[in-house]
Amino acid sequence: MTSPNLVLVRHCQATGQEPDAPLTETGHQQAQTLADFLSDYPIDHVTTSEYLRARKSIEPFASISDLPVHTDLRLNERTLSYEPLENWQDVVRDSFDDLDLCAPGGESARKVLARAWAALNEIIAAGHSLPLVVTHGNLMALVLHSLDGTFGFEGWRSLSNPDVFLLSDFGTRRMAVNRIWQLS
């Protein structure tokens, strides 16, 4: 069995938060830059959230790598609430400390982590050499926080569009987190 390594990507800049929000012009340029950057890695599998911005962020890379793009709804962004929240950043911040915190109609961090890790563990267990997953900021930050407790609200705020992390297991049953995307 290969060492469980996974490339975790946050999508490029989009016009909004809706599932069908397209990339901005800058986002399309970022997707090309991301494709060039990722071409240095031996990625052999691509899975994204179902959201348009995630799929469009990785299409240029998938095209030049001749890889199909698989989608998994478990990688979709966290639903904070079905109603607009004035204090949405407070909910995000507090959910790093209280995994069961849940705004009306929303998902708790614990629920998001359960679905995210179910998807990630399936992808890792499939035996790919280096799979890549494209997802969203809050889900990504919660996954990173579950691996490194110091990656919390400020870590979430520091995420860029796009952003790229390598998750590696060195036999310790604990994954190491390394940011490999260089902000320009």
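In the range 3-16, the count of residues that are closer than 17 Å to Leu167 by Cβ, touching a residue at least 40 places away in the same chain (Cβ under 8 Å) and surrounded by fewer than 16 Cβ atoms within 10 Å (Cβ to Cβ) is one or more.
Of the candidates Leu101, Leu120, Leu142, Leu113, the single residue that is part of a loop (DSSP other than H, G, I, E, B) and not polar (S, T, N, Q) is Leu101.
In this structure, does Lys56 turn out to be in contact with a helix residue (DSSP H, G or I) (Cβ under 7 Å, 6 or more places away or on another chain) and either part of a helix (DSSP H, G or I) or acidic (Asp, Glu) (or both)? Yes: the conditions hold for Lys56. Residues that are within 15 Å of the chain's Cα centre (by Cα) and open to solvent by 30 Å² or more (accessible area, probe 1.4 Å) within the range 46-68 comprise Glu50, Tyr51, Leu52, Arg55, Lys56, listed in sequence order. Among the residues making up the range 36-53, those that are assigned to a helix (DSSP H, G or I) and within 23 Å of Ala119 (Cα to Cα) are Leu38, Leu52, Arg53.
Considered as a group, the residues in the range 122-148 that are open to solvent by 20 Å² or more (accessible area, probe 1.4 Å) and farther than 17 Å from Thr47 by Cβ include one that is farthest from the chain's Cα centre (by Cα), and that residue is Asp148. From the list Ala114, Ala103, Ala119, the one residue that fits, being open to solvent by less than 20 Å² (accessible area, probe 1.4 Å) and free of Cβ contacts under 8 Å to residues at least 24 places away in the same chain, is Ala103.
Quick one: is Ser95 buried (at least 20 other Cβ atoms within 10 Å of the Cβ) and at pLDDT 95 or above? Criteria met by Ser95. For the range 67-93, the tally of residues that are farther than 21 Å from Trp117 by Cβ and not aliphatic (A, V, I, L, M) stands at 11.
The values are calculated or read from the model by the stated rules, or taken from the named source; none is laboratory data. Source: prediction; values computed, not measured. Please note: Cβ atoms are built from the backbone with ideal geometry, for glycine as well, and neighbour counts cover all protein chains shown. Just so you know, the surface numbers come from the protein's heavy atoms only, side chains and all, with ligands and any DNA or RNA stripped out. Shrake-Rupley method; radii C 1.70, N 1.55, O 1.52, S 1.80 Å.
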